[in-house]
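Here is the structure we will look at.
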């Protein structure tokens, strides 16, 4: 039977205490929180002593590590931003470059936006793998096989890191690549008989729509689709569950937090996250002030226990809420709300109405032929025009799509004209790994 995330994190805490010479009979919430508090203080001191960036940031605002006595003092620390990671990234390093096990260069929005760079030591990668295995144990048992559909960079990417983590923890991994054809992915499934598919939500949905009429996906033996790297609309989830005849669960993570971060609550009340390695806050995106529990704002992450490049109060630009334990599922971990909105994905219509891609996902995916979509905004003198390019598996009535979109409150409030262009299957495949934005065109 799959384990809970809380049980897995408490086991990681017990192992860490044993390495220090302590032999805890059990780890309870109090022990876990005490260890986490100490780990946070040690991370702050490590960052100040070894990172030129954080030493300068602390000195600039007259702050010393001794001023940080616990997590309650977190808000005293200045923020870290994506611009900081894109700038003098070597100044974040707390170890020599020769001891970096894995440097990662990536963009903030797929292949657009700021180019950022992170560094991980061998110890960091081991800790990340430990959590990845804990996260996967929430959906799979020891001995089961997981098919991993992630960008894999010729065997050096996160797919391989995750695969190694699973193999080291009594699970079997079939590491494929998101750029493999849909038919090939199904061939791997028939050959290796995985019980779980884990991977990019858009890619798995695309495979599903391309292959649903060529094979009976419900007979392949996959009992869980575990989706990451994208927003999963309710209509998308329903379609997948119907076609595959299995459960669909979601994961939320960032490269900055070590790829893995949060798994969907069993009671569907948001996500429970890696509190062993990360501290989460929610702030007002405009003022930077902490927000009350349950209020939606910008997620801010502090990585604790990281050796090469800890991040203190990193502003993710993702919008969600944070609620304290206990949860309806019985877990004593905090919960993060579903991340449907990203600040960089928001476009403003001339009258101030906000629109962003996920607002349209449920409407579009309610049409069974829709595979993917792209959105452009043209601010014409006589009013804004939202242009939807919609990839489909066959003939789809663009007028019906347009009517459905025009009925949405955000479109009526924003007084936007809707244009829909249907595209043939495969037209948006080359861009499917990019985070969705609304591009402004002239």
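Remarks
- Test: residue in segment 163-170 that is modelled with pLDDT of 95 or more, closer than 22 Å to residue 280 by Cα and either in a loop (DSSP other than H, G, I, E, B) or within 20 Å of the chain's Cα centre (by Cα) (or both): no
One line per residue, one yes/no per condition, for (1) assigned by TED's automatic domain parsing to the domain that holds residue 45; (2) modelled with pLDDT of 95 or more; (3) within 20 Å of residue 344 (Cα to Cα):
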site	(1), (2), (3)
265	yes, no, no
269	yes, no, no
273	yes, yes, no
276	yes, yes, no
281	yes, yes, yes
288	yes, yes, yes
291	yes, yes, no
294	yes, no, no
305	yes, yes, no
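- Going through (1) buried (at least 20 other Cβ atoms within 10 Å of the Cβ); (2) part of a loop (DSSP other than H, G, I, E, B) one by one, residue 294 falls short only on (1).
- Listed by first and then second residue, the pairs with beta-carbon distance under 6 Å, at least 6 apart or on different chains, first residue in segment 68-93 and farther than 17 Å from residue 48 by Cβ, second crowded, with 17+ Cβ neighbours inside 10 Å and modelled with pLDDT of 95 or more, are 81/315.
- Residue within segment 193-201 that is more than 28 Å from residue 129 (Cβ to Cβ), at pLDDT 95 or above and in the same structural domain as residue 135 (by TED's automatic domain parsing) present: no
- Scanning segment 342-357 for residues that are touching a strand residue (DSSP E or B) at 6+ places or on another chain (Cβ under 8 Å) and either surrounded by fewer than 18 Cβ atoms within 10 Å (Cβ to Cβ) or without any contact (Cβ under 8 Å) to a residue 24 or more places away in the chain (or both) returns 343, 344, 346, 348, 350, 354.
- Candidates 412, 419: the one that is in contact with a helix residue (DSSP H, G or I) (Cβ under 9 Å, 6 or more places away or on another chain) and either surrounded by fewer than 13 Cβ atoms within 10 Å (Cβ to Cβ) or assigned to a loop (DSSP other than H, G, I, E, B) (or both) is 412.
- Residues being more than 15 Å from the chain's Cα centre (by Cα), buried (at least 18 other Cβ atoms within 10 Å of the Cβ) and not in a loop (DSSP other than H, G, I, E, B) - total across segment 268-291: 4
- Residue among 332, 242 that alone is without any contact (Cβ under 8 Å) to a residue 40 or more places away in the chain and either surrounded by fewer than 19 Cβ atoms within 10 Å (Cβ to Cβ) or in a loop (DSSP other than H, G, I, E, B) (or both): 242
- Counting only residues that are over 27 Å from residue 92 (Cα atoms) and either in a loop (DSSP other than H, G, I, E, B) or touching a helix residue (DSSP H, G or I) at 6+ places or on another chain (Cβ under 9 Å) (or both), segment 297-327 holds 5 of them.
- Qualifying residue in segment 423-440 (condition: out of contact with any strand residue (DSSP E or B) (no Cβ under 7 Å at 6 or more places or on another chain), farther than 30 Å from residue 213 by Cα and either loosely packed, with under 14 Cβ neighbours inside 10 Å or in contact (Cβ under 8 Å) with a residue 24 or more places away in the chain (or both)): no
- Taking the listed residues 385, 339, the one that is modelled with pLDDT under 95 and touching a strand residue (DSSP E or B) at 6+ places or on another chain (Cβ under 9 Å) is 339, with no other qualifying.
- Here residue 203 passes the criteria (1) in a loop (DSSP other than H, G, I, E, B); (2) closer than 23 Å to residue 424 by Cα except the one numbered (1).
- Failed item in (1) surrounded by fewer than 21 Cβ atoms within 10 Å (Cβ to Cβ); (2) within 17 Å of the chain's Cα centre (by Cα), with residue 301 passing the rest: (1)
- Count - residues of segment 364-391 that are crowded, with 19+ Cβ neighbours inside 10 Å and closer than 29 Å to residue 211 by Cβ: 11
- The residues on offer are 417, 391, 406, and the sole one that is modelled with pLDDT of 95 or more, farther than 25 Å from residue 237 by Cβ and not assigned by TED's automatic domain parsing to the domain that holds residue 318 is 417.
- Taking segment 1-119 and the helices (runs of 4 or more DSSP H) fully enclosed by it, the elements with 3 or more residues that are surrounded by 15 or more Cβ atoms within 10 Å (Cβ to Cβ), assigned by TED's automatic domain parsing to the domain that holds residue 140 and touching a helix residue (DSSP H, G or I) at 6+ places or on another chain (Cβ under 8 Å) are at 5-19, 29-50, 52-60.
The values are calculated or read from the model by the stated rules, or taken from the named source; none is laboratory data. Note that the structure is a prediction, hence the values are computed from the model and not measured. Note that each Cβ is placed from the backbone with ideal geometry, even for glycine, and that neighbours are counted across all protein chains shown.
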